[in-house]
Amino acid sequence: MHWSVDELLDHLYGVRMADRHLDVCPDCQARLGEFKRRKQQGTGAPEFTEQDLAAQRRNIHRRLKGPDQAQWSFPWMPAMATAALLLLGVLLSRPAPEADGGKELMALGGDSQFYTEIYASMGSAEPRAAAPIRGLFEEK
Ligand SMILES: [Zn+2]
């Protein structure tokens with residue numbers, strides 16, 4: 001009786017010893033030879049060279065950059081973007097030019113007077129939410 005695939009694989013990996021049948025059966029020897037050849041293929045050295053790996057690495061980097069980025073990839077672009085953002089921030093933080101409403105506000109005394117009046121109308125410069133905390137520190 002011919003060896004099964006499992007028996008041939010067991011023999012291939014040293015689990016099963018050869019017997020009389022395997023020694024004399026050309027069919028089983030041929031099947032075992034095929035398994036040995038495939039095992040050799042699977043565990044052999046990789047068939048690519050250092051040049052192949054380097055080319056693959058270059059391809060990966062090129063594809064990561066993408067066509068658009070590769071076209072606009074300048075080393076000073078991050079610095080330019082940062083400078084533009086800073087400039088925008090400075091422009092936005094400057095006080096807006098006084099419009100008619102601003103003149104009205106100035107006639108009333110400007111922002112500081114506005115806030116002073118608001119706090120005065122609240123009765124205290126301290127926010128109401130701070131009262132319980134103050135209570136913790138008051139001596140009785
Ligand atoms: Zn056989």
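Using packing as a proxy for protection, rank 11-17, 74-80, 40-46 so that the peptide with the highest average count of other Cβ atoms within 10 Å comes first.
11-17, 74-80, 40-46
State, to one decimal in nm, how far the label point of R134 lies from the label point of F35, with both points 7 Å from Cα in the Cβ direction.
9.0 nm
Based on the Cβ-Cβ distance of R16 and D52, what FRET efficiency does E = 1/(1 + (r/R0)^6) give at R0 = 41 Å, to the nearest 0.05?
Once rounded, the FRET efficiency stands at 0.55.
Only the coordinates and a few stated rules stand behind these numbers; no lab work does. If you're wondering where the values come from, they're calculated on a predicted model, not measured in any experiment. Ideal geometry is used to build each Cβ from the backbone, glycine not excepted, and the neighbour counts take in all protein chains shown.
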